[in-house]
Amino acid sequence: MSSEIAMCYAWVDSTLRADSALMAAATGGVFQGMADIGTAPPFAVYARQSGSDVMTSAAVRLWASILLQIKAVGPTSQWAAIVVIANRIDELFKDVRSVALATGGVLSCYREQELAMGDPPIAGQAWTNLGGLYRIALQGQ
Amino acid sequence: MAVTGFNHFPRIAAAMHEALSDIVAETTVDLGAAMVSHIHANGQIDTGFMVSSVYTVTKNGSTYGQAGTPPGDAYLLPEVGISGDMEGVAACAANYGEWQNYGTRFLPPRPFMEPAAELIQGEFEAKLAGLEGRMHVV
């Protein structure tokens, strides 16, 4: 299957949304790529950062190794909630093994790198991101 | 003892260090080139400042400071140095590079750093596998 990214997005999205503590803190919701303009912060965002296919010597694909950024976003004045969201993200994805999906599954998921950076100020208000880059090995079928 | 005449380990160690530092330097330069390629492929060129701000620092020198004129309120971040010949730096000095790479509130990420690193990883490993061939001793 060639849509490992779509499968990965679906798994991450549903995992985030199923976590009540995260959703209680991320009042703006969960978004793929970027939040809708006008979304009230804080919110969670996930997006593909990089990736490559893992193949046999005969070029048969074994799984997709996907690097995904999953982070909390909001103004620094909401730092406490941003930390809660980031902590929940890490709890959900820091050590995952063998999750069956409708077709294929997630072989593993772990954090490869922390992510923390400031956004350009918005209307004079400082914004920030907090989360991580997660390595997800996903088999399409 | 004649045994000392057959002790080539000091020469091997020196040659290994030299070969490894060469691999680090080559990989760093290739990583910088890969970052530039991904910036082009991502269509992230407007003024050209960001792509021109990509630089490398190796034991052979630095390419920092060859960027064009920063647009608007953009600026060049300070140079990142190395502490020895076994280190290399490939970096983007444009202050907004991380926002392009990781995205912002208003901008989805268009990564060029991590994809470049993944691309070059294989090359790095292949060069390490060929380390012996670079060591011209005994």
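Derivation of every value follows stated rules applied to the coordinates shown; laboratory data play no part. The model shown is predicted, which means the values in this text are computed figures rather than measured ones. Because the Cβ atoms are built from the backbone with ideal geometry, glycine has one as well, and the counts that use them run over all protein chains shown.
Being within 26 Å of B:LYS127 (Cα to Cα) and small (Gly, Ala, Ser) is the filter here; which residues of the stretch B:1-40 pass it?
Hits for the stretch B:1-40 are B:ALA13, B:ALA14, B:ALA15, B:ALA19, B:SER21, B:ALA25, B:GLY32, B:ALA33, B:ALA34, B:SER37.
Restricted to the stretch A:3-49, and to residues that are farther than 15 Å from A:LYS71 by Cα and of a type in the set (D, E, K, R), which residue is surrounded by the fewest Cβ atoms within 10 Å (Cβ to Cβ)?
The residue in question is A:ASP36.
Of the residues that make up the stretch A:30-50, is at least one more than 14 Å from B:THR104 (Cα to Cα), within 11 Å of another protein chain (Cβ to nearest Cβ) and touching an Asp or Glu at 6+ places or on another chain (Cβ under 6 Å)?
yes
Which pairs turn up if I take residues in the stretch A:75-97 that are within 28 Å of A:GLY124 (Cβ to Cβ) and look for partners that are small (Gly, Ala, Ser) and part of a helix (DSSP H, G or I) with beta carbon separation below 6 Å, at least 6 apart in sequence or on another chain?
If the second residue must be small (Gly, Ala, Ser) and part of a helix (DSSP H, G or I), the pairs left are A:ALA81/A:ALA25; A:VAL84/A:ALA25; A:ILE85/A:ALA25.
Consider B:ALA33 against the criteria (1) within 14 Å of chain A (Cβ to nearest Cβ); (2) on the phi < 0 side of the Ramachandran plot: it satisfies all of them except one. Which criterion is unmet?
(1)
Quick one: how many residues across the stretch B:79-108 are touching a Lys or Arg at 6+ places or on another chain (Cβ under 8 Å), facing another protein chain (nearest Cβ under 9 Å) and in a loop (DSSP other than H, G, I, E, B)?
1
Residues that are of a type in the set (A, V, I, L, M) and within 12 Å of chain B (Cβ to nearest Cβ): find the strands (runs of 3 or more DSSP E) completely inside the stretch A:53-141 holding 3 or more of those.
Counting at least 3 such residues, we get A:61-75, A:105-122, A:125-139.
From B:VAL80, B:VAL57, B:VAL51, B:VAL24, which residue is within 27 Å of A:LEU67 (Cβ to Cβ), of a type in the set (A, V, I, L, M, F, W, C) and surrounded by fewer than 17 Cβ atoms within 10 Å (Cβ to Cβ)? Don't jump to the end; show me each part of the working.
Numbers: B:VAL57 fails: surrounded by fewer than 17 Cβ atoms within 10 Å (Cβ to Cβ); B:VAL51 fails: surrounded by fewer than 17 Cβ atoms within 10 Å (Cβ to Cβ); B:VAL24 fails: surrounded by fewer than 17 Cβ atoms within 10 Å (Cβ to Cβ).
Just a single option satisfies the conditions, and that option is B:VAL80.
Taking A:TRP11 as the residue in question, decide whether it is in a strand (DSSP E or B), more than 10 Å from chain B (Cβ to nearest Cβ) and in contact (Cβ under 8 Å) with a residue 24 or more places away in the chain.
Judged against the criteria, A:TRP11 is not a match.
Looking at the stretch B:111-131, which of the residues that are crowded, with 17+ Cβ neighbours inside 10 Å and part of a loop (DSSP other than H, G, I, E, B) is farthest from the other protein chains (Cβ to nearest Cβ)?
Selected residue: B:PHE112.
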